[in-house]
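Chemist: Here it is, the structure in full.
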Amino acid sequence: MSRIVTVGAAQLGPVQRTDSRADVVTRLIALLNEAADRGCDLVVFPELALTTFFPRWYLEDISESDHYYETEMPSPVVRPLFDVARERGVGFTLGYAELTSDGHRFNTQVLVDKSGAIIGKYRKVHIPGHASNEPGRPFQHLERYYFEPSDEGFGVWEAFGARVGMMICNDRRWPETYREMGLQGVELIACGYNTPIHYVPDPSQDILQGFHNALVMQAGAYQNGTWVVGVAKGGVEEGVDSQSAIIAPSGQIVAQALTTDDELIVAACDLDWCKRYKETLFDFDKYRRPELYQRHVSQRGVKWDGNPKVRP
Ligand code: CDT
């Protein structure tokens, strides 16, 4: 028997600094309606979907950036998206900048069910880039100035008949992210991202950006027997982003965006496909050796203790 969740990856084209929240919400609703027409149960939107990727710009007084953050979800301007979800019976995940009532700033993604209710919230764990103004750089990536890393870890929710996990952008490059969710039996991971093309260490190798994007998500899906839905904010927002893809537990890409603009791609994801990997090759219970993985949890940087002793 198959357990099918039909998922839409709702890629956004660029959101410029001059675009209003209402403009963006109109675009999100158009994608959500298209997803409902195409039979989707769940739609995944990108990281920081409601605004431009503002960590590109330094603002000396951080409170000047407050207008990029949401202090409530849904706010009145975002509420129509939740209403359409309820009316059309389709859930979604949405990435946004969160400013809490006690002044904490997180890069956040919520999971919303088919009744338009928030049933899960994830705050980004791996915050890349730098924390201080470095105007000498051709492009700044000030995520560590604008967001604090979450200490809450990686949750997995029972929703849409699946075990659903969430991660945000840079999280997808870390095998620990997938494994933390894999160990909770995750079957579908929703991931939004904004990846400036100029992030690649050697700019002459920009071509590798798309390769790395697919590489990490395909490996994470395969090694944990899970679907991964990776959704970009693409197009030229001072850079060109990776494209979106839906990846099967085999590691194969089953749907891929063709543009870098607003575009919906859809796949019927059979959750029972996860079982083939989780119960054979990657039967964690049977084959994992956690007693030999202590460095993973006790050590951050690289440490070498010298050559291991040669056994007789
Ligand atoms: N948004 C985000 O996490 N972007 C990063 C680029 C980091 S470049 C310093 C990514 O891993 O795609």
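Chemist: How large a share of the accessible area of the range 221-312, in percent, is made up of carbon and sulfur atoms when the probe is 1.4 Å and the other protein chains stay in place?
Modeler: Values: 3040 of 5790 Å².
Carbon-and-sulfur percentage of accessible area, whole number: 53.
Chemist: Taking only C-alpha pairs under 8 Å that are 6+ residues apart, what is the relative contact order of the range 1-116 in percent? Before the final figure, lay out each step's value.
Modeler: On the way: 184 pairs, mean separation 33.9, N = 116.
Here the relative contact order equals 29 percent.
Chemist: Using a 1.4 Å probe on the protein chains only, how many percent of the accessible area of the range 1-111 belongs to carbon and sulfur?
Modeler: Details: 2030 of 4250 Å².
Result for the range 1-111: 48 percent of the exposed heavy-atom area is carbon or sulfur.
Chemist: How many nm is it between the label spots at Arg295 and Lys114, if each spot is 7 Å from the Cα in line with the beta carbon?
Modeler: That separation, rounded to one decimal, is 4.7 nm.
Chemist: Heavy-atom accessible area per residue, the chain, 1.4 Å probe: how many Å²?
Modeler: Details: 14740 Å² over 312 residues.
Heavy-atom accessible area per residue stands at 47 Å².
Chemist: Modelling each spin label as a point 7 Å along the Cα-to-Cβ direction, I'd like the Lys275/Gln184 distance in nm, to one decimal.
Modeler: 2.3 nm
Chemist: Over the alpha-carbon set of the range 96-189, work out the extent along each principal axis and list the three values in angstrom, largest first.
Modeler: The Cα atoms of the range 96-189 stretch 49, 32, 21 Å along their principal axes.
Chemist: Measure off 7 Å from each Cα along the Cα-to-Cβ vector at Leu258 and Asn33, then give the distance between these two points in nanometres to one decimal.
Modeler: That separation, rounded to one decimal, is 2.2 nm.
Chemist: Any idea of Ile118's accessible area? Nearest 10 Å², probe 1.4 Å.
Modeler: 70 Å²
Chemist: On to the next question. Calculate what fraction, in whole %, of the accessible area of the range 145-185 sits on carbon and sulfur atoms when a 1.4 Å probe is rolled over the protein chains. Walk me through the numbers on the way to the answer.
Modeler: Working: 860 of 1720 Å².
With neighbouring chains kept in place, the figure for the range 145-185 is 50 percent.
Chemist: Another question about this same structure. Based on the Cβ-Cβ distance from Asp19 to Glu72, what FRET efficiency comes out when R0 is 25 Å, to the nearest 0.05? Could the numbers behind the result be given before it?
Modeler: Details: r = 21 Å, r/R0 = 0.83.
Once rounded, the FRET efficiency stands at 0.75.
Chemist: Can you give the net charge of the other residues whose Cβ lies under 11 Å from the Cβ of Ala162, counting K and R as +1 and D and E as -1? Please report the intermediate quantities before stating the final value.
Modeler: Working: positive: Arg3, Arg163; negative: Asp41, Glu158, Glu187, Asp270, Asp272.
After counting each charged neighbour, the total is -3.
Chemist: Now a separate question. Note the full-extension length gain between Trp304 and Ala131 as 0.36 nm times their separation in residues minus their Cα-Cα distance, in nm to one decimal. Mind dumping the intermediate values first?
Modeler: Numbers: separation 173, 0.36 × 173 = 62.28 nm, distance 2.88 nm.
That pair, Trp304 and Ala131, stretches by 59.4 nm at full extension.
Chemist: Mean Kyte-Doolittle of at least -0.5 and a Cα length of 20 Å or more along the axis: which whole DSSP H helices of the chain meet both? List each step's numbers first, then the result.
Modeler: On the way: long enough: 21-37 (24 Å, 0.46); 208-224 (24 Å, -0.05).
Qualifying helices, which must be both long enough and hydrophobic enough, are 21-37, 208-224.
The values are calculated or read from the model by the stated rules, or taken from the named source; none is laboratory data. The model shown is predicted, which means the values in this text are computed figures rather than measured ones. Here Cβ is always computed from backbone atoms with ideal geometry, including for glycine, and neighbour counts include all displayed protein chains. Note: accessible area is taken over every heavy atom of the protein model, side chains too, but ligands, DNA and RNA are not part of it. Shrake-Rupley method; radii C 1.70, N 1.55, O 1.52, S 1.80 Å.
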